[in-house]
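What follows is a set of notes on a single structure, which appears directly below.
Only the coordinates and a few stated rules stand behind these numbers; no lab work does. Predicted model, so just to flag it, every value in this text is computed and none were measured. Here the Cβ positions follow ideal geometry from the backbone for every residue, glycine too, while neighbour counts run over all protein chains shown.
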Amino acid sequence: MAVQQNKGLNGGEYHDHTKLVNQSEEAGQPLKMIEEPLVLQPIGVGMKKDEPALLAKLNETLLALDQAGEINQLWDKWLGPSTEFNMTRTDKVAPLSQLKFTPLP
């Protein structure tokens, strides 16, 4: 519906739509979410400019959490296959400079 209305989905709407897709299967009228996102919307952390020590520690911590699988554990707890959202995390922690996307106007 959001695609037809030329609207994007924020996190809450995406989760609501995922829930709707899952419920549609139970109702015998299965819907499907497209796999590739129409828009890449990176998640970031806002912080004061010119804080190199804080930036380094934050990046180190996020990367360590991702590599240790802790972010996946949190994802699975709240959004994963055993929840009503049944979502799989495919994202990884990466510097913004490595992401290829066009910011929305």
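Key figures for this structure:
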quantity: Residue that is out of contact with any strand residue (DSSP E or B) (no Cβ under 7 Å at 6 or more places or on another chain), of a type in the set (Gly, Ala, Ser) and on the phi > 0 side of the Ramachandran plot, where the choices are 69, 46; calculated: 69
quantity: Tabulated pairs, the range 69-89, first touching a residue at least 60 places away in the same chain (Cβ under 8 Å), second β-branched (Val, Ile, Thr), C-beta under 8 angstrom, 6+ apart or interchain; calculated: 85/18; 86/18; 87/18
